[in-house]
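Working notes for the structure below.
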Amino acid sequence: MTRKTIQKHKQRAKLSRSETGYEVGYGKPPKSSRFKKGKSGNPKGRPKGSKNRRPYLNEERLKDIIIEEAYRTIDVVEGGKTVSYPMAQAVIRALAVNAAKGQLRAQELFTSLLASTEDANNQLYAEYFDTVMSYKLNWERELEDRKLTGRIGPEPIPHPDHIVVDMKTGLVEVKGPMTNAEKRIYDKLREQKAWALEEIEELTKDLETETDPAIRKLMEDDIRRDTELVERISRVITD
């Protein structure tokens, strides 16, 4: 699996150079995919009125553009190395670096941004905590009432006994059996995490002997993406 990935990297690196030393990149497409001389690259032309068409009432075109630009990947030079980040992350990173260097305006902006973000997270968690506690207490009362009156009804999923709340830390953990759908999701996440860890290990080992800069860059990008995937999955499952 990983060997195929490395072969793919080598093929991509090979295609990025022509036989005459022509570098393929932005504004320099491979010869095989260039437009033919005298032939339009868009023979049908722009649809009439498309450029100045007003957005429909349910469209939010500017928001779409902002989101697209915010998460567009760009290359940033850090410590003499080129790394790739989403635009939004690169902006926040630059702001944090300037704040660390002592720039007063950057420090004020970063502190304000951090405070508002933490407040939003705290509020979100407080709402989640209240929802979980309400669910647990309401079902406990319902189940107790069933015992006293003899009423029957469907079992709650998750069962309130499986919801463990640490009142000291405010952490909530759901234990006990899961539905089949939940189990399939968790099993899939475990498979993806194991695959990513395996590829990270093999790519890291192969990186020690790889000398082609283009291939090394591709392998490093894959290691970074796999590492981010493992971190995201680890926030959901701990095993």
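The values are calculated or read from the model by the stated rules, or taken from the named source; none is laboratory data. Not measured: the values here are computed from a predicted model. In this analysis, Cβ positions are derived from the backbone assuming ideal geometry, glycine residues included, and neighbour counts consider all displayed protein chains. To get the accessible areas, we keep the full protein, side chains included, count just its heavy atoms, and leave off ligands, DNA and RNA. Shrake-Rupley method; radii C 1.70, N 1.55, O 1.52, S 1.80 Å.
In whole percent, how big is the carbon plus sulfur part of the accessible area of the range 133-218, probe 1.4 Å, protein atoms only?
Numbers: 3640 of 6300 Å².
Carbon plus sulfur share of accessible area: 58 percent.
How much FRET efficiency would the formula 1/(1 + (r/R0)^6) give for K168 and T111, where r is the Cβ-Cβ distance and R0 is 25 Å, rounded to 0.05? All intermediate terms of the calculation are to be shown ahead of the outcome.
Numbers: r = 29 Å, r/R0 = 1.16.
It comes to 0.30.
Using the Cα atoms of the range 121-239, I'd like the radius of gyration and the largest Cα-Cα distance, Dmax, both in angstrom.
So, for the range 121-239, Rg and Dmax equal 22.0, 76 Å respectively.
Might you tell me the accessible area per residue for the range 100-239, computed with a 1.4 Å probe and given in Å²?
Details: 10310 Å² over 140 residues.
Here the per-residue accessible area is 74 Å².
My understanding is that a pair violates if its Cα-Cα distance is over 22 Å; which of K136/K193; K81/K217; K136/K168 do that in this structure? Write out the running numbers ahead of the final one.
Working: K136/K193 31 Å; K81/K217 10 Å; K136/K168 17 Å.
Checking Cα-Cα distances, K136/K193 exceed 22 Å.
Roughly how many debye, to the nearest 20, is the charge dipole of the range 75-131 about its Cα centre, given +1 on each Lys and Arg Cβ, -1 on each Asp and Glu Cβ, and no other charges? Walk me through the numbers on the way to the answer.
On the way: 4 positive and 7 negative charges, 87 e Å.
Result for the range 75-131 is approximately 420 debye, rounded to the nearest 20.
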